[in-house]
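The values are calculated or read from the model by the stated rules, or taken from the named source; none is laboratory data. Since the model is a prediction, treat every value here as computed from it, not as a measurement. Counting neighbours? That spans all protein chains shown, and the Cβs are built from the backbone with ideal geometry, glycine included. The area values use the complete protein model at the heavy-atom level, side chains included, leaving out ligands, DNA and RNA. Shrake-Rupley method; radii C 1.70, N 1.55, O 1.52, S 1.80 Å.
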Amino acid sequence: MASRHALLIATETYADPALRRLTAPGGDARELAAVLSDPAIAGFEVTTLVDQPHHVVGEAIGEFYRGRRRDELTLLYFTGHGVKDDDGSLYLAMANTRRDSLMFTALAAELVDRAMAGCPSRQKVLVLDCCYSGAFPAGRLAKAGTDVHTLERFQGRGRAVLTASDATQYSFEGDGVVGSAARSVFTRHLVAGLRDGSADLDGDGDVTVDELYSYVHERVVAEMPRQRPKHQSDVEGRIVLARNPRWQLPEYLRNGLASPIASDRLTALEGLKRLHRVGNEVVRARTAEEIARLTEDDSRMVSAAAVAWARESEGRAAAPVVATPAPERVAVEPAPEPESAPEPGAPEPPRRPAAQPTAPAGEATPPPKLVRAGPPPRTADSRRVKPSADPKLYFIEAGVLAALLIVVLVGGMGYNWIFLLLLLLCAFFLGRGVFLLRRAQATKDSTASAAKETPP
């Protein structure tokens, strides 16, 4: 498995008094780090930063994306507050962030985007569990709206972005806070879906980014309707984040295997084959075990299908081998010798069965007949050639259309749709005539060749 790296960033305490009054995130990063670092679940190499200043976090992000290979998986997670200035620029608030100096005390989203763009990895995951606010008072005229447009800020090839929200919930009146945000349950369901494998929606033993988002979105919206997670992805294939540590055969397959009806067990066999094809190593081992049991099924139809799959998977029946029979040899039996009359009193000699009729006395024995093995040769008369249209007609029609094309051009009508239609028809009839002419010549040649091969 290729290397898997995760950088988790959480900010819970802020130097700015106004930011301290916002809803502070809990210990989400620590719980997520425990799940991602578990080798039985995700097997990430995890680094966690909590309550660090912006320059420390920026340097860590730069090192995180530097020197990665194309096949490595990277996951960057941030939980905290996002602050949007009146020009619409987005900043991630760190422990030393001040609202009146975002450019120099906060981490600009643009810098994170540039760091991701410079990383050669083809599988980059960004997870933002943020609540957003405007940096200035609500009564001040801002150049940007209330939407954050988080997904648009982190577009790029090889990226998958998950965000807990995409709108500002807070504004400020001096140091006073206006507005409120829904309690974030995004990371809690994120951790739960990975920890117990419940985000493995298709039951193949793996939890992908798309499956995890669908799982989290459904539960977050059901619990907190005000919070709307969003997702975008521009990657080749799928990104597997974790294994399902509690995977077991789906219930429909268990019911099918336990059914007394042979057709139900045969349907379950097809389901096992599909899971073996798309599942991870745990799924493949379990499905192969179940298919091995079906090779001894009391139904010949089910057992034969299971045996055929087992042989194919082992490579023993990759291609059937057909032996070519040797040519028949016609044995020529020698002519029987003339029998002499038995002596008186002598026992009569045993009679030999006649293999073939003999010629009358005094005449030569005819030679044995040789029978040609195989079907009789096909003669020229036995070959039927399907009649086809005369190619001359197609050449004549192509010539007429070519004349019409010349008339259209001379008439000054230009390259309009009539000209294109006539051109297409002319090309069609000309090509059809050439095709029929070649086929007639090929038929003629094959007939002549067959006539030469026919014995007189």
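For the subset of the range 142-190 comprising residues that are in contact with a helix residue (DSSP H, G or I) (Cβ under 6 Å, 6 or more places away or on another chain), within 25 Å of residue 236 (Cα to Cα) and part of a helix (DSSP H, G or I), which member is modelled with the highest pLDDT?
Residue satisfying both the conditions and the ranking: 190.
Answer yes or no as to whether residue 214 is open to solvent by 10 Å² or more (accessible area, probe 1.4 Å), within 30 Å of residue 252 (Cβ to Cβ), modelled with pLDDT of 90 or more and not in a loop (DSSP other than H, G, I, E, B). Even if it seems obvious, please write down each step before you answer.
Working: open to solvent by 10 Å² or more (accessible area, probe 1.4 Å): yes; within 30 Å of residue 252 (Cβ to Cβ): yes; modelled with pLDDT of 90 or more: yes; not in a loop (DSSP other than H, G, I, E, B): yes.
Considered against the rule, which asks whether it is open to solvent by 10 Å² or more (accessible area, probe 1.4 Å), within 30 Å of residue 252 (Cβ to Cβ), modelled with pLDDT of 90 or more and not in a loop (DSSP other than H, G, I, E, B), residue 214 comes out as yes.
Residues being open to solvent by less than 70 Å² (accessible area, probe 1.4 Å) and either touching an Asp or Glu at 6+ places or on another chain (Cβ under 9 Å) or basic (Lys, Arg) (or both): count how many of those fall in the range 217-231.
So the answer is 2.
Pairs under 8 Å by beta carbon, first residue under 18 Å from residue 187 (Cβ atoms) in the range 153-168, partner assigned to a loop (DSSP other than H, G, I, E, B) and modelled with pLDDT of 90 or more, six or more apart or different chains?
Going by the 8 Å Cβ cut-off, the qualifying pairs are 160/239.
Taking the range 236-259 as the search range and keeping residues that are in contact with a Lys or Arg (Cβ under 9 Å, 6 or more places away or on another chain) and assigned to a helix (DSSP H, G or I), which one is least open to solvent (accessible area, probe 1.4 Å)?
Within the range 236-259, the match that is least open to solvent (accessible area, probe 1.4 Å) is 256.
Give me the pairs: first residue in the range 273-289 and farther than 17 Å from residue 238 by Cβ, second residue surrounded by 18 or more Cβ atoms within 10 Å (Cβ to Cβ) and of a type in the set (Phe, Trp, Tyr), beta-carbon distance under 7 Å, and six or more apart or on different chains, which are they?
These pairs meet every condition: 273/309; 282/247.
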